[in-house]
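Derivation of every value follows stated rules applied to the coordinates shown; laboratory data play no part. The structure presented is a predicted model; accordingly, all values stated were derived computationally and were not measured. No Cβ is skipped: glycine too gets one built from the backbone with ideal geometry, and neighbour counts run over all protein chains shown.
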Amino acid sequence: MTASQAKPARLMTGRVSARRAGPLHGAAAAPGDKSISHRSLILGALSPGETRISGLLEADDVLRTAAAMRGLGAGVERDGPHGQAVWRVSGAPWQSPEKALYLGNSGTGVRLIMGAVAGARIAATFEGDISLRGRPMGRVLEPLRMMGAEATDRDGRLPVRLEANGGLKAVKVKLATPSAQVKSAILLAALGAEGVTRVHEPELCRDHTERMLEAFGVALSMEPEGAGGRYIEIAGGQTLKSCDVVVPGDPSSAAFPIAAALIIPNSDVTIKGVLVNPLRAGLYETLREMGADISFENTRVENGEPVADIRARHSVLRGVEVPASRAPSMIDEYPILAVLASHAHGETMMTGLEELRVKESDRIACVEAGLAANGGDVASGPDWLRVRGQGKPLNGGAMVKTHHDHRIAMSFLVAGLASGKPVEIDDASMIATSFPDFFDLMAALGADIVAG
Ligand code: S3P
């Protein structure tokens, strides 16, 4: 069976609950990678000529970036049915938009576009939803100010007014947090700066911007530094060349059906076409250490990115220590890992998690509250999470507050598919920000997720 999405997704909003049903079986295509989707629209809009994107993730976060590109002057059009759409982006010199750019829930959208707006030497105002308004923007605004942009913010948060019409100069910066969003914002700003910008990345984080800039004809030089870091240099004034982009499947979204298969007895699921770039695959490494029956099949390179079909079967899991150094390669996967860890035999200790406090929600607090309410044994500190697995499913039976966070919502729905009593979430609407086909895909594999 292939759960192909030929029609618009069934979206669920409000309260939704997941309950134990039979095994999950079958194959499904992973939705397009969110990080690569944002980048393809932004780089397309910066490139003269037409960029054709297939496999773009048609989720709220990415659609906000598409709308922002239109607001900045690019042509953005879509052809074809759901699941087979091709997006055509016609780049044009960016203009300062009259209206604020509203990026909804999307940290990636807002931070990357701030960098690109600075690089385009224009001015724009940025806004977001209640979750995005609470997230730190100073980490991007500081380097952009060093480069000469002027920014007015609300205590380091949205709304932000950014003005870069006065010109921009290259800088040498060391990333204070291993954030691909910050790194990408600086690289995009550097395109419009005078001179060579040098970014020092002490710990490697996802490199899709670097890979895609190169595909768009931009010269970058990268040099290893210290134990596991690197320098990236980029000269300003380079012109991008439009190209075709094929977006691979998102490993962060694929994690949900894969996790469900691991904890539901007799399940056997394959998620096809998943990006397995090592800087994104930390969860899969951890799952293997936990004893998960997972295999990468049909591994190939597509558009410069490694891709595989991931097969997962129900497994007896054991607790592990997840090193802090692995956090950048699985930063969005800790909520679902914590759910899996509660099914494992023994303790799972996760460290180096300070960034989880400033995601769409405080993910350490949300995971702790949700697991504890459903019978999990969990403790946390400022930058760590410890789950004592009981070698059996959670009791379930409690409602989980999602705090506008799609990954909290999907993690606890997966928990409910194996737990004694159903698990309910207070609001499913945010799932549409990253994985609008979640409900269809899970239902096609055999999951029982219902409204209310
Ligand atoms: C992303 C980077 C990560 C990740 C986010 C997507 C990106 O954020 O959590 O979901 O596309 O660059 P940080 O860069 O803040 O770690």
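Report D for the stretch 341-400 in µm² per second (integer): Stokes-Einstein, Kirkwood Rh on Cα pairs, 4 °C, 1.567 mPa s. Don't skip to the answer; put the middle values down first.
Numbers: Rh = 11.7 Å.
The calculation lands on 111 µm²/s.
Expressed in nm², what is the orientationally averaged projection area of the convex hull enclosing the Cα positions of the stretch 1-116?
Mean projected area for the stretch 1-116: 9.0 nm², to one decimal.
Assuming 0.36 nm per residue, please report the length gained on full extension of the stretch VAL358 to ASN298 beyond their Cα-Cα distance.
Computed gain between VAL358 and ASN298 is 18.0 nm.
With each pseudo-label sitting 7 Å past Cα toward Cβ, what's the THR177-ASN165 distance in nm, one decimal?
About 3.2 nm separates the two model spin labels.
Given Cβ point charges of +1 (Lys, Arg) and -1 (Asp, Glu) and nothing else, what value in debye, to the nearest 20, does the dipole of the chain about its Cα centre take?
300 debye
Ignoring everything except DSSP H segments at least 4 long, calculate the 222 nm mean residue ellipticity for the chain; use -39,500 (n - 2.57) per segment, divide by total residues, nearest 500. Could you put the intermediate results ahead of the total?
Numbers: 13 runs with 131 residues, N = 452.
Rounded to the nearest 500, the figure is -8500 deg cm²/dmol.
From Cα coordinates alone, what are the radius of gyration and Dmax values for the stretch 34-245 in angstrom?
15.8, 48
With the contact rule set at Cα under 8 Å and sequence spacing of 6 or more, what percent relative contact order holds for the chain? Numbers along the way, then the final one.
On the way: 1194 pairs, mean separation 91.9, N = 452.
Relative contact order here is 20 percent.
Among DSSP beta bridges lying fully in the chain, give the percent that are antiparallel, nearest 5.
75 percent
Where does the charge balance sit around LEU158 when Lys and Arg score +1, Asp and Glu -1, over other residues with C-beta under 14 Å from its C-beta?
Values: positive: ARG64, ARG111, ARG133, ARG135, ARG139, ARG154, ARG157, ARG161; negative: GLU127, ASP129, ASP153, ASP155, GLU360.
Summing Lys and Arg as +1 and Asp and Glu as -1 gives +3.
At what distance in nm do the modelled label points of GLU347 and ASP79 sit from each other, each positioned 7 Å from its Cα along Cα→Cβ?
Each label point lies 7 Å from its Cα, and together they span 5.9 nm.
Å³ per residue of the Cα convex hull, for the stretch 280-398?
112 Å³
Give me the Å³ per residue figure for the convex hull around the C-alpha atoms of the stretch 154-224.
119 Å³
Contour minus end-to-end for VAL86 and ASP268, with contour as 0.36 nm per residue of separation and end-to-end as the Cα-Cα distance?
62.4 nm
Would you mind telling me the antiparallel percentage of the DSSP bridges in the stretch 34-245, rounded to 5?
Of the beta bridges lying entirely in the stretch 34-245, close to 80 percent run antiparallel.
Remind me, what semi-axes does the stretch 199-325 give for its equivalent ellipsoid, largest first in whole Å, using sqrt of 5 times each Cα gyration tensor eigenvalue?
33, 19, 9
If we count every other residue with Cβ under 10 angstrom of ASP383's Cβ, Lys/Arg +1 and Asp/Glu -1, where does the sum land? Please report the intermediate quantities before stating the final value.
Details: positive: ARG357; negative: GLU354, GLU355.
After counting each charged neighbour, the total is -1.
What is the projected area of the convex hull of the Cα atoms of the stretch 391-452, averaged over all directions, in nm²?
4.2 nm²
Work out how far the C-alpha atoms of the stretch 341-452 reach from end to end along every principal axis, then list the three figures in whole Å, largest first.
So the extents along the principal axes, rounded to whole Å, are 35, 30, 21.
Would you kindly work out the equivalent ellipsoid of the chain from its C-alpha gyration tensor and give its semi-axes, the square roots of five times the eigenvalues, largest first in whole Å?
Each semi-axis is the square root of five times an eigenvalue, giving 36, 23, 21 Å.
Kirkwood hydrodynamic radius for the stretch 316-361: how many Å is it when counted over pairs of different Cα atoms?
Mean inverse Cα-Cα distance, inverted, gives 11.1 Å.
In debye, nearest 20, what is the charge dipole magnitude of the stretch 304-452 about its Cα centre with +1 on Lys and Arg Cβ and -1 on Asp and Glu Cβ, if you could check?
Computed charge dipole of the stretch 304-452: roughly 540 debye.
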